[in-house]
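The values are calculated or read from the model by the stated rules, or taken from the named source; none is laboratory data. Worth saying up front: this structure is predicted, and the values here are computed from it rather than measured. When we count neighbours, we look across all protein chains shown, and the Cβ atoms used for this are built from the backbone with ideal geometry, even at glycine.
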Amino acid sequence: MFRSTLFMGLTTAIKMISGIIVFVLMARFLGPHDFGLIAYAFTLASLFALIVDYGFSQQLLREIGIDASQVNDLVGSFMVSKAVLSGMVILICYIYFIFFPKDNVTEQVFWILLISTLLNSFSEFLNSAFRGVGKFKEETNIATLGAVIHFFVLVIIMLVHPTVITVAIGFVISKLIYIFISFIAYLKNIGPVKFQCKSIEVKSSLKKGIPYAADTGFTNFFQQVDTIVVNHFLGLVGVGLYQAATKWLQGAMQFAPVLSNVYLPTLAANMKDRTVNKKYSSILNTKMLVFGGIGWAFFTFLGSSFSHYIYGQKYDEISSLWPYVGLLVWIRYIAASQGVLLTAYGKQKVRVYSQILSLITFGISSIWLLPRFGLKGMLICLSATYFVTLVIYFLNVLRKDIPSGFNTVNIVIATSISTLAFLKL
């Protein structure tokens, strides 16, 4: 477990560091408005790409945990389904802009970034198979190479000709190279993909994946929709400022899926052995709490001075947001541990119901909080939303007699940091 966690951590750290450096350069070179345009278009493209993601990676990990011999058949079936969904997404986006037209530059940037997000969806899905079969080192190598390529492509563009169009094209170039590398590595390390092109296979994979699609869709929707709402109320400059703060939150949250990917197959394989899973759930929860606590402390105590040094005076408005960012990171990590347990035990429907209730919470609170408190209001809204998710997850874990991972040590950690987090607001 330690070795797997280490390699997954390295994979995530490499992606995160590369992405953050590129992100900071974009923010500084483009300024709040153009940076906000890129962030808005990318967020919109990512929301549509959630349809293509369809929760296939989580479903694949669970299925491999039960029967690893079917990996090539599963990957082939899901890849064909993703291709079908990609065609649907392009059509949906075309119709969307008929009813909700944007200015020419925004639409151009959107279509370019949509291609990038679709390519990345296929690449990340292929790489998830490496985790399922325990080849974490191989995935780390792929991620490292992909991150280096992405970094140099974007940095060169930012130094030579930094415009919103050229930056968007840079994303496509790096993701084209990344999917090529991922596919070759898959063939070499796992084997030939057995594509299932029959319509009945596509329908079957889509039907079975509905709970996973709904769960991951809602989860990622919450991580993206805030930008759309901020743009509606505060415009592209508001988006630029907001993204300058929350992009670091996204980076801090990357360790949650790392732990999920490492522990999910093991928890699923041992779900009938309560003693074993009580041990693993406690370890998982401890690690989630540690990463969440570190994230909270960093943003609360160092966020303001750190952001001033990184972004400069153009972004000084975000200095008061950091304690709220820290609180949000903390709540999301606690909720993530319970979400992994529900997934491992096949309780995806519970996660879907909780996401629907959380979405209602988000909709109601954002309409009231954002106009009154600006960007700070959005962070309060998101914290309330994830707190509702956490409560529903935890109650269902207890109700279904699943080991929650909250031993005495974890309860003390959770209580102490939660108290400090609210006091620092």
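Within the stretch 405-425, how many residues are buried (at least 18 other Cβ atoms within 10 Å of the Cβ) and closer than 23 Å to residue 344 by Cα?
Qualifying residue count, the stretch 405-425: 4.
Restricting attention to the stretch 382-394, does a residue exist that is buried (at least 21 other Cβ atoms within 10 Å of the Cβ), modelled with pLDDT under 90 and not aliphatic (A, V, I, L, M)?
For the stretch 382-394, residues buried (at least 21 other Cβ atoms within 10 Å of the Cβ), modelled with pLDDT under 90 and not aliphatic (A, V, I, L, M): absent.
State all residues of the stretch 97-147 that are among the aliphatic types (A, V, I, L, M), closer than 18 Å to residue 257 by Cβ and outside any loop (DSSP other than H, G, I, E, B); if no residue qualifies, say none.
Result: 126, 129, 142, 143, 147.
Would you pick out the residues in the stretch 178-237 that are outside any helix (DSSP H, G or I) and either touching a residue at least 40 places away in the same chain (Cβ under 8 Å) or within 24 Å of the chain's Cα centre (by Cα) (or both)? Quick ask: steps written out before the conclusion?
Looking only at the stretch 178-237, we keep the residues that are outside any helix (DSSP H, G or I), and these are 190-198, 209.
Of everything in the stretch 178-237, those that are outside any helix (DSSP H, G or I) and either touching a residue at least 40 places away in the same chain (Cβ under 8 Å) or within 24 Å of the chain's Cα centre (by Cα) (or both) turn out to be 190, 191, 192, 193, 194, 195, 196, 197, 209.
Would it be correct to say that residue 94 is over 19 Å from residue 220 (Cβ atoms) and either surrounded by 21 or more Cβ atoms within 10 Å (Cβ to Cβ) or of a type in the set (Phe, Trp, Tyr) (or both)?
yes
Is it true that some residue in the stretch 350-359 is modelled with pLDDT under 90, among the charged types (D, E, K, R) and buried (at least 19 other Cβ atoms within 10 Å of the Cβ)?
Checking the stretch 350-359: at least one residue is modelled with pLDDT under 90, among the charged types (D, E, K, R) and buried (at least 19 other Cβ atoms within 10 Å of the Cβ).
Has the stretch 340-363 got at least one residue that is over 21 Å from residue 286 (Cβ atoms) and free of Cβ contacts under 8 Å to residues at least 24 places away in the same chain?
Yes: one or more hits.
Somewhere in the stretch 348-355, is a residue among the basic types (Lys, Arg) and assigned to a helix (DSSP H, G or I)?
In the first step, residues of the stretch 348-355 are kept if they are among the basic types (Lys, Arg); the result is 349, 351.
Narrowing the set further to residues that are assigned to a helix (DSSP H, G or I) leaves 349, 351.
Yes, because at least one residue in the stretch 348-355 is among the basic types (Lys, Arg) and assigned to a helix (DSSP H, G or I).
Filter the stretch 182-198 down to residues that are surrounded by 15 or more Cβ atoms within 10 Å (Cβ to Cβ) and under 20 Å from residue 143 (Cβ atoms), then give me how many there are.
Selection size over the stretch 182-198: 7.
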